[in-house]
Amino acid sequence: MRSNALLEYFDNPDTRRTVTGATWGAEIETHFVDSVGRPISISTTRRLLATTPPGPWRTTIDLGNQLIEFVVGPQSSPAALLSSTHDGLRWLYRQAARLGASPVFAPTLPRTHAQNLLWIQDDRDQVWCKLDGQAALEHLCRVASVQITMSVHPSELVQTINALWRGKLHAHDYAKNDASWRRYISESTAGYRSDRYAGPSRFEDLSDYTRYLELQMVVMLRSQPCALDIRGITDLNCSDLDLFVRSIWPHYRARVFDGPGGTRVSAVEMRPFARRDDSSITTMLGLIVKALAV
């Protein structure tokens with residue numbers, strides 16, 4: 001890898017067009033259960049995902065077959081994000097109700113049954129399962145979180161991450177999720193560094209942030225398992241870097257997304273929020289706005 005490839009990935013002429021706070025997005029994970037309280041079946045999940053959401057919304061799953069991830073596309077402000085999120089979740093609940101499914105407004109599902117929840121959908125999922133082991137991944141199948149993303153100019157990425165750490169947003173309501181993530185990291189057979197999750201609480205600058213990323217192993221490259229130092233890979237493209245960044249899980253994570261007209265937008269993804277009822281999304285967004293003074 002070129003010595004400055006990761007730095008250029010975040011900070012380049014394209015991402016420098018990003019306006020801090022111009023767009024806001026969300027990913028809301030929700031457990032769904034059937035009429036007797038069991039996690040919904042794969043068949044029900046398939047039917048739910050087959051219903052195409054209107055507007056700036058998208059549905060997928062996050063590891064567990066009962067764990068639906070509802071994605072809200074970029075909105076112009078926190079208020080617009082809240083409005084779209086609540087409208088979209090009401091739509092999701094209506095679709096689920098038609099299939100006999102209902103949401104669970106809690107971050108975790110109790111282990112009151114022996115059912116495995118991991119749903120392997122494609123070859124890449126199979127690689128992750130081989131890397132981590134199913135037992136480790138099952139911890140992540142049972143926790144639901146809310147993640148908020150805000151566009152951030154490359155020059156302000158680290159400043160924003162540091163402000164979120166100072167605001168201690170991760171200490172508000174994330175204990176159950178945190179416990180499951182730490183069990184996943186410790187039990188995974190991939191041999192992760194302990195700071196691959198949560199990460200350092202402060203960075204000096206963007207170069208310092210990319211050095212933290214470079215400490216982490218590349219464990220998958222082009223759908224193949226590996227154990228490589230990213231600094232030794234010479235032919236990484238943007239998709240490779242996207243996957244590498246997504247495979248590292250600090251509480252507050254710098255990202256780059258596709259924007260309109262083929263542009264690229266730099267952003268900060270704020271991850272450490274437990275899924276509660278929908279009103280709690282308003283509370284957590286208020287905490288973010290206060291911490292960042294936006």
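Among the residues in the range 97-108, are any in contact (Cβ under 8 Å) with a residue 60 or more places away in the chain, among the small types (Gly, Ala, Ser), buried (at least 21 other Cβ atoms within 10 Å of the Cβ) and not in a loop (DSSP other than H, G, I, E, B)?
No, there is no match, as no residue in the range 97-108 is in contact (Cβ under 8 Å) with a residue 60 or more places away in the chain, among the small types (Gly, Ala, Ser), buried (at least 21 other Cβ atoms within 10 Å of the Cβ) and not in a loop (DSSP other than H, G, I, E, B).
Of note, Pro74 does not satisfy the criterion of being at pLDDT 95 or above, under 20 Å from Cys141 (Cα atoms), surrounded by 15 or more Cβ atoms within 10 Å (Cβ to Cβ) and not polar (S, T, N, Q).
Kindly establish whether Arg90 is more than 23 Å from Leu285 (Cβ to Cβ) and either in a helix (DSSP H, G or I) or not acidic (Asp, Glu) (or both). No: the conditions fail for Arg90.
Taken together, the residues in the range 116-133 that are open to solvent by less than 70 Å² (accessible area, probe 1.4 Å) and either among the β-branched types (Val, Ile, Thr) or more than 20 Å from Lys176 (Cα to Cα) (or both) amount to 9. Screening Leu6 against (1) more than 17 Å from Asp242 (Cα to Cα); (2) outside any loop (DSSP other than H, G, I, E, B); (3) not small (Gly, Ala, Ser) leaves a single unmet condition, (1).
Summed over the range 65-83, the residues that are assigned to a strand (DSSP E or B), over 15 Å from Met150 (Cβ atoms) and touching a Leu at 6+ places or on another chain (Cβ under 8 Å) give a count of 3. Across the range 28-64, the qualifying residues are those that are assigned to a strand (DSSP E or B) and polar (S, T, N, Q), and the one among them that is least open to solvent (accessible area, probe 1.4 Å) is Thr30. Identify all residues within the range 241-285 that are in contact (Cβ under 8 Å) with a residue 12 or more places away in the chain, open to solvent by 20 Å² or more (accessible area, probe 1.4 Å) and part of a helix (DSSP H, G or I); write none if there are none. Within the range 241-285, Asp242, Leu243, Ser280, Thr282 qualify. Filtered by the rule that a residue be free of Cβ contacts under 8 Å to residues at least 60 places away in the same chain, open to solvent by less than 90 Å² (accessible area, probe 1.4 Å) and under 28 Å from Cys226 (Cβ atoms), the range 175-185 gives Tyr184, Ile185. Candidates are the residues of the range 140-151 that are of a type in the set (A, V, I, L, M, F, W, C) and assigned to a strand (DSSP E or B); the one that is farthest from Ser207 (Cα to Cα) is Val143.
All conditions in (1) of a type in the set (Gly, Ala, Ser); (2) open to solvent by 60 Å² or more (accessible area, probe 1.4 Å); (3) in contact with an Asp or Glu (Cβ under 6 Å, 6 or more places away or on another chain) hold for Ala293, with the sole exception of (3). I'm checking my understanding of the structure. Among residues of the range 152-174 that are part of a helix (DSSP H, G or I) and closer than 10 Å to Pro272 by Cβ, which one is most open to solvent (accessible area, probe 1.4 Å)? For the range 152-174, the residue satisfying everything is Ala171. Summed over the range 207-239, the residues that are open to solvent by 20 Å² or more (accessible area, probe 1.4 Å), in contact (Cβ under 8 Å) with a residue 12 or more places away in the chain and either more than 28 Å from Ser180 (Cβ to Cβ) or of a type outside the set (Gly, Ala, Ser) (or both) give a count of 15.
The values are calculated or read from the model by the stated rules, or taken from the named source; none is laboratory data. Bear in mind the structure is a predicted one, so any value in this text is a computation, not a measurement. So basically every Cβ, Gly included, is an ideal-geometry build from the backbone, and we count neighbours across all protein chains shown. Accessible surface is based on the protein model in full, side chains and every heavy atom, while ligands, DNA and RNA are left aside. Shrake-Rupley method; radii C 1.70, N 1.55, O 1.52, S 1.80 Å.
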